[in-house]
Amino acid sequence: MLRTGIVARTIIYAILIVYMILIITPFLMIFMNSFKSLREIFLRPFSPPSRFTFENYIKAWKKANLTNAFLNSAIVSFASVAGILLVSSMLAYAISRYEFPLRRFLYIYVIAGLALPARLAIIPIYVILQKINLLDTRLGLITIYVSTGIAFATFLLKNFMDDIPVEIEESARMDGATPWTIFTKIDLPLIRPALVVVGIVNFVGIWNDFFFPLIIINSRGKETIPLAISIFFGEYSNQWQLISAALSMSVLPIMITFFILSRYFIVGMTQGAIK
Amino acid sequence: MQKVKIRYMLLFSTPAILLYTIFVIYPFIYSFILSFYNWPGVGPKIFVGLKNFRDILTGPFGAEFRNALFHNIYFFIMVSILELGLGFLIAVLLTTNIKGKRLFQTLAYLPNVISMVLVGFIWNMMLNPQWGLINQILKSVGLGALAKPWLGDPSLAFNTIILVNVWRHLGFYVLVFIASIINIPPDLIDAAYIDGASNFQIVRYVIFPLTVPTFQTLLILLFIWSFNVFDIVYALEGVQAGPFRSTDVLGTLFYRTAFGGLGSSRMDFGLGAAIAVLIFVMVIPVSMFYAYVIEKRRRK
């Protein structure tokens, strides 16, 4: 660890505090503005709101259709993460544990997905979803998120499974347990840390994703939060107090989750992207 | 490793392989095929050979394509310098003997968990020329001359977008560098102190050389991510990537071409697919190299 004297440390604190102020100010600004009237936003930009009423919040919540948006985001994110974890851990298990022809090829075939930016294939994805009647549906979104999440999840989970000694399964097999029982009762619990990392990385990514909902969803009532806010921003620009309230409400849940689970978030997101 | 009946292997691998093949691999192949056709999305596809590529590279869309491509490359260079440079420096500060590291790290990472498009809208308000906080602050400290239409001036808009991007992502690079720095054996730093090295010398000759692999990995990732830029431009300037296309990137150009939006000269899936193929050709060697590197590191 670098040792610093009192002078150096003071400078370091000063730099870090300026950095923190830069991070917090925009959040503080939308939060303050969300309680102000439009007049106040223009006339008294620096002063705290004169009153704390939730008028803007109630209006924005209704007009931005946030009940639906939160519901849709929750359904899509949870279902997609569950889907990714299920099919990827199964595939990872097969590749890690079973010996079969083309095993190595199958692994490389899936890992190749790490190198394919899914957004670039959006035109065919759009056409396929249209053909199977999944365009403009939550199931369509979930299908795409699960499919594009497989490569990364399988890569991480397979590597984790490789480190579990096969002997652990032996006694269960002697007792006549089926491969499915062995997988769910013995291996899955052992790779839980990896499942948590994969789960969080994907959840945050899907919860925050804007691109796929923008293309796939086009009827009101099915939009996720980023899309709902984007539509609201377009329709109500100039109503900055309402937009501030809508933005505050949409960033708050993920912020709170982050502060509670920050350790997992940080490990998951940094390790996930690099390794 | 065990030999089992093939049906278990199939049971475990089929769902993922099917989804992956239909919705990831097949769309990529299909993109290549579509790029040789004209197709507005309905009706018959018309085979046009390499015409789409000629249109994009040298024909009527050449100027627009080069403009967007230039912005992606500029974005990659600027963001690499700012995010990796500042990220490394702040990580060094956060690995000294100061207090409150965890709080600083958590706050630094905070903007990363917010949807990019929401970050864009928040900054859209911060940068509002009339009442946005940035210009208000500049005016109130007597620097009113510096209050600019940050997103409305073609010579400023793209750099402003880059800075907002740095605001959003810097914490990620800080944390990755911290992880890399704390992996350096403490003995190395202690030995340097015994030899009478200053902190600056330790950073320059011990810490920096040992984090070079992290710089390399992050550069590769930044290259790939730089060609994916879309949300932030969409939120700050819309799909038209105004003012006057001064913030246009391949992502917004691709979106306009494939899915329309006012002012796009031609809406065509074939032309859009051709743009996707060109982006793909630029990015894929780098991302394959990345996949190769992480797979090799894992095996060590």
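Out of all the residues in segment A:185-210, which are over 18 Å from the mean Cα position of the chain (by Cα) and closer than 15 Å to residue A:83 by Cα?
Taking segment A:185-210 first, the residues over 18 Å from the mean Cα position of the chain (by Cα) are A:185-192.
Result: A:188, single match.
Could we say that residue B:64 is within 14 Å of another protein chain (Cβ to nearest Cβ) and acidic (Asp, Glu) here? I'd like the intermediate steps shown before the answer.
On the way: within 14 Å of another protein chain (Cβ to nearest Cβ): no; acidic (Asp, Glu): yes.
Considered against the rule, which asks whether it is within 14 Å of another protein chain (Cβ to nearest Cβ) and acidic (Asp, Glu), residue B:64 comes out as no.
Could you tell me whether segment A:82-94 includes any residue that is within 18 Å of the chain's Cα centre (by Cα), under 20 Å from residue A:199 (Cβ atoms) and surrounded by fewer than 18 Cβ atoms within 10 Å (Cβ to Cβ)? Yes, segment A:82-94 contains a residue that is within 18 Å of the chain's Cα centre (by Cα), under 20 Å from residue A:199 (Cβ atoms) and surrounded by fewer than 18 Cβ atoms within 10 Å (Cβ to Cβ). So is residue A:257 without any contact (Cβ under 8 Å) to a residue 12 or more places away in the chain and either at the interface with chain B (Cβ under 9 Å from one of its Cβ atoms) or at positive phi (or both) or not? Taking the combined requirement at face value, the residue satisfies it. Only residues that are of a type outside the set (D, E, K, R) and surrounded by fewer than 18 Cβ atoms within 10 Å (Cβ to Cβ) were counted in segment B:39-65, giving 15. Tallying residues that are within 11 Å of chain A (Cβ to nearest Cβ), β-branched (Val, Ile, Thr), more than 16 Å from residue A:266 (Cβ to Cβ) and within 25 Å of the chain's Cα centre (by Cα) within segment B:169-213 yields 0. Residues in segment B:1-38 that are buried (at least 17 other Cβ atoms within 10 Å of the Cβ) and modelled with pLDDT under 90: B:8, B:9. You will find that of A:11, A:30, A:21, the residue that is surrounded by 20 or more Cβ atoms within 10 Å (Cβ to Cβ) and in a helix (DSSP H, G or I) is A:30 and no other.
Residues in segment A:124-144 include none that are at the interface with chain B (Cβ under 7 Å from one of its Cβ atoms) and of a type in the set (Gly, Ala, Ser). No other residue among A:182, A:186, A:225 is of a type in the set (Val, Ile, Thr) and touching a residue at least 40 places away in the same chain (Cβ under 8 Å) apart from A:225. Please go through segment A:216-225 and pick out each residue that is surrounded by fewer than 20 Cβ atoms within 10 Å (Cβ to Cβ) and of a type outside the set (S, T, N, Q). A:220, A:221, listed by residue number. Residues that are of a type in the set (D, E, K, R), over 30 Å from residue B:212 (Cα atoms) and more than 14 Å from every other protein chain (Cβ to nearest Cβ) do not occur anywhere in segment B:7-16. Checking A:50, A:89 one by one, the residue that is of a type in the set (S, T, N, Q) and facing another protein chain (nearest Cβ under 10 Å) is A:89 and no other. Those residues that are crowded, with 21+ Cβ neighbours inside 10 Å and farther than 30 Å from residue B:210 by Cα, I need them from segment B:66-91; list them, please. Result: B:68, B:71. State yes or no: is residue A:228 surrounded by 16 or more Cβ atoms within 10 Å (Cβ to Cβ) and over 18 Å from residue A:89 (Cβ atoms)? When the stated conditions are applied, residue A:228 passes them. Among the criteria (1) over 30 Å from residue B:123 (Cα atoms); (2) facing chain A (nearest Cβ under 9 Å); (3) not basic (Lys, Arg), the one residue B:217 does not fulfil is (1).
A quick yes/no check of all residues on (1) in a helix (DSSP H, G or I); (2) buried (at least 22 other Cβ atoms within 10 Å of the Cβ); (3) among the acidic types (Asp, Glu):
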| residue | (1), (2), (3) |
| --- | --- |
| A:136 | no, no, yes |
| A:150 | yes, yes, no |
| A:160 | yes, no, no |
| A:185 | yes, no, no |
| A:196 | yes, no, no |
| A:205 | yes, no, no |
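Restricting attention to segment B:237-256, the residues that are away from every other protein chain (no Cβ under 11 Å) and either surrounded by fewer than 24 Cβ atoms within 10 Å (Cβ to Cβ) or in a helix (DSSP H, G or I) (or both) total 10. Within segment B:76-102, residues that are over 13 Å from residue B:178 (Cα atoms) have Cβ atoms under 8 Å from residues that are charged (D, E, K, R) and assigned to a loop (DSSP other than H, G, I, E, B) in these pairs: B:97/A:3, counting only partners at least 6 apart in sequence or on another chain.
Here are A:160, A:70, A:105, A:152: which of them is among the aromatic types (Phe, Trp, Tyr), more than 8 Å from every other protein chain (Cβ to nearest Cβ) and within 20 Å of residue A:228 (Cα to Cα)?
On the way: A:160 fails: within 20 Å of residue A:228 (Cα to Cα); A:105 fails: within 20 Å of residue A:228 (Cα to Cα); A:152 fails: within 20 Å of residue A:228 (Cα to Cα).
Being among the aromatic types (Phe, Trp, Tyr), more than 8 Å from every other protein chain (Cβ to nearest Cβ) and within 20 Å of residue A:228 (Cα to Cα) holds for just one of A:160, A:70, A:105, A:152, which is A:70.
The values are calculated or read from the model by the stated rules, or taken from the named source; none is laboratory data. For clarity, every value in this text was computed on a predicted model and none was experimentally measured. For neighbour counting, all protein chains shown are included, and Cβ atoms are generated from backbone atoms with ideal geometry for every residue, glycine included.
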